[in-house]
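Structure, as structure tokens:
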Amino acid sequence: MVDTPQSLSMPGLEDGRKADEPCTIVIFGASGDLTARKLIPALYHLYTEGQMPASFRVVGFARREKTDESWREEMRLGIEKYSRTSSVDAAQWQDFANNLSYHRGDLTDADAYGGLAGRLAGFDDAALTGNLVFYLAISPSLFGEVVDQLHAAGLLKRFEEGDSNWQRVVVEKPFGHDLCSAQLLNNHLIRHARERQIFRIDHYLGKETVQNIMMFRFSNAIFEQLWNREAIEHVQITVSEDIGVGSRGGYFEEAGTLRDMMQNHLLQILSLVAMEPPPSLEAEDIRNEKVKLLKSIRKMTPGVVAKNVVRGQYFAGTVDGDNRGGYRQEERVNPESNVETFVALKLFIDNWRWSGVPFYLRTGKNLPHRASEVRVQFRPTPNVLFAAQDDLDLHANALTLRLQPDEGISLRFNGKVPGNSIETRPVRMHFGYDAEFGAYTPEAYERLLLEAMAGDATLFIRRDEVETAWQIVDGIRAGWGDTPLSNREFYAAGTWGPVAADDLLAADNHVWHIPVPAK
Ligand code: BG6
């Protein structure tokens, strides 16, 4: 049952930036962390900035006993504690909170969905009853069950041309744990919703700086013309975190960094950095290009994995003066666990533009600081003019897209040190978001929720995209097999991963760029 992506025009698609149509957002997992930390704060900010539809409702669905009032109060505290607003304006909150209600129910209990349908039917506007965003902030093992139940209760159906209302399903990661499980999940969802009704989240796509990658590439001629194998020697993508797995040991034992970060966030950044220009900014055009790119990544055989993929696990160390225990000592982690908390890899994109250009990707937990960046290393100039000056400090140009936390872009080039001698020094041109646009940067979830309400799927992952990413990851996992971690695959917390990650680049005469920490 594959949809032709643009075969249907759905209400709400025309205005991609602002959600105009009244709708109800039902959050499954309403007492969970994500709801309090991200979802409600994002909706509240959208509300205070006048970006929510004139009429909307939010229904929290979860098993715990709560009243509307107690849930609202928890949500208000969540905003104060976790969001970019530390104090909530009482009047604005009251107006917003009037739209929030709590529905107690078990995800597997048909009656709870019947009750939900009754509650929605009680809303005074037919659009609030019929235009529904179901946000599944729950364990992926329950996604299938929830959509079945919603369908049985008459709340979710495949969209047909001419329908006056729409329903959309937003699903959180992890979307499966390998290709096969992702396919099964997709097959399940597609029984009751068309692909255009399914919004698979990768919160990195909601980040301003990640969205800016496309703008930067395709609206700046000087870079656009150099964005290829002729001018670029290699590309590095680093997403480093200064935290360990914390209380998520149980989840991480099942996931590991390859699935948790590489399969989604890093491959998404890679596809935006390397894809061909889409014919338009339509969701399907952009996603087609991203899928094409992922499909051009050279297959990793076990031999290639052994050579080009480095995994690691942190042991006790110090991050920014703070003592950290090892991964194996974390809560709910097997003391002999072989799960990776770090991955670095080299890959090639076998297409015309990138033939022969290595892409190095790395990500890990308990690294020295939190920073995500894309580093584009250009080729050097022919060393003709300055060949005689062998003590000259000449560096090839490098462009750094700083995705977080010090958001901005820097370009490195060589400058002559003032004076009579020929001495050069690498200097930089900087662009910083804060300096240029002020401190306000909406959080990723604000944008993503807005887009889901507006029905624009550009910032969400399409079925073939998620499946292609799993294929890549499955190839790497197959290469690792059941081999336990060797001694050289461990790294002390607070370092940049195992030495083998440095060796991976050293073998090509490159070094990792150390990302800029927060100011
Ligand atoms: C999540 C991962 O998707 O992204 C976490 O599950 C990780 O393990 C987080 O910490 C990082 O997101 P951000 O936005 O803090 O870079």
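The values are calculated or read from the model by the stated rules, or taken from the named source; none is laboratory data. All values derive from a computational prediction rather than experimental measurement. Cβ sites come from the backbone with ideal geometry, for glycine too, and all protein chains shown count toward neighbours.
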ask   = What is the one condition in (1) more than 16 Å from the ligand (Cβ to nearest atom); (2) touching a residue at least 24 places away in the same chain (Cβ under 8 Å); (3) outside any strand (DSSP E or B) that His369 does not satisfy?
value = (1)
query = Do we find a residue being under 25 Å from the mean Cα position of the chain (by Cα) and either of a type in the set (Phe, Trp, Tyr) or farther than 18 Å from Gly206 by Cβ (or both) anywhere in region 62-73?
reply = no
inquiry  = If I ask for residues that are within 16 Å of the ligand (Cβ to nearest atom) and in contact (Cβ under 8 Å) with a residue 40 or more places away in the chain, which ones from region 170-181 would you list?
reply    = Val170, Glu172, Lys173, Pro174, Phe175, Gly176, His177
query = Does Val333 satisfy being farther than 30 Å from Asn228 by Cα and among the hydrophobic types (A, V, I, L, M, F, W, C)?
reply = yes
remark   = Exactly one of Ile269, Ile286, Ile237 is away from the ligand (no atom under 16 Å from the Cβ), under 15 Å from Val210 (Cα atoms) and either more than 20 Å from the chain's Cα centre (by Cα) or crowded, with 19+ Cβ neighbours inside 10 Å (or both), and that one is Ile286
message = I'd like to know if region 175-190 contains one or more residues that are within 26 Å of Pro22 (Cβ to Cβ) and part of a strand (DSSP E or B).
response = no
message = Going residue by residue through region 187-200, is there one that turns out to be without any contact (Cβ under 8 Å) to a residue 60 or more places away in the chain, within 13 Å of the ligand (Cβ to nearest atom) and within 22 Å of the chain's Cα centre (by Cα)?
response = no
ask   = When residues of region 350-366 are filtered for being of a type in the set (S, T, N, Q) and either away from the ligand (no atom under 16 Å from the Cβ) or surrounded by fewer than 24 Cβ atoms within 10 Å (Cβ to Cβ) (or both), how many remain?
value = 2
query = Residues His177, His151: which one is surrounded by fewer than 18 Cβ atoms within 10 Å (Cβ to Cβ), in contact with a helix residue (DSSP H, G or I) (Cβ under 9 Å, 6 or more places away or on another chain) and closer than 26 Å to Arg200 by Cβ?
reply = His151
key: region 432-460, subset over 22 Å from Tyr44 (Cα atoms) and surrounded by 14 or more Cβ atoms within 10 Å (Cβ to Cβ), residue farthest from the chain's Cα centre (by Cα)   = Gly432
ask   = What pairs can you find where one residue is in region 39-68 and touching a residue at least 24 places away in the same chain (Cβ under 8 Å), the other is surrounded by fewer than 15 Cβ atoms within 10 Å (Cβ to Cβ) and part of a helix (DSSP H, G or I), and their Cβ atoms are less than 6 Å apart, with a gap of 6+ or different chains?
value = Thr48/Gln92
task = Give the residues of region 304-329 that are assigned to a helix (DSSP H, G or I) and either surrounded by fewer than 16 Cβ atoms within 10 Å (Cβ to Cβ) or within 22 Å of the chain's Cα centre (by Cα) (or both), sorted by residue number.
result = Ala306, Lys307, Gln329
Within region 216-234, tally of residues that are touching a strand residue (DSSP E or B) at 6+ places or on another chain (Cβ under 7 Å) and either within 27 Å of Ile476 (Cβ to Cβ) or within 16 Å of the ligand (Cβ to nearest atom) (or both) = 3
request  = Considering each residue of region 30-41, count those that are of a type in the set (A, V, I, L, M, F, W, C), under 17 Å from Lys207 (Cα atoms) and buried (at least 23 other Cβ atoms within 10 Å of the Cβ), and give that number.
outcome  = 1
remark   = Sole miss for Met261 among (1) over 14 Å from Leu347 (Cα atoms); (2) buried (at least 19 other Cβ atoms within 10 Å of the Cβ); (3) away from the ligand (no atom under 13 Å from the Cβ) is condition (3)
query = For Glu284, which of the numbered conditions (1) under 23 Å from Asn220 (Cβ atoms); (2) out of contact with any helix residue (DSSP H, G or I) (no Cβ under 8 Å at 6 or more places or on another chain); (3) not polar (S, T, N, Q) fails to hold?
reply = (1)
query = Any idea which of Ser141, Ser164 is away from the ligand (no atom under 16 Å from the Cβ), at pLDDT below 95 and not in a loop (DSSP other than H, G, I, E, B)?
reply = Ser141
message = If I ask for residues that are in contact with a Ser or Thr (Cβ under 8 Å, 6 or more places away or on another chain) and without any contact (Cβ under 8 Å) to a residue 24 or more places away in the chain, which ones from region 319-366 would you list?
response = Arg328
request  = Hey, could you check region 96-147 for residues that are free of Cβ contacts under 8 Å to residues at least 24 places away in the same chain and closer than 26 Å to Ile79 by Cα and say which is surrounded by the fewest Cβ atoms within 10 Å (Cβ to Cβ)?
outcome  = Asn98
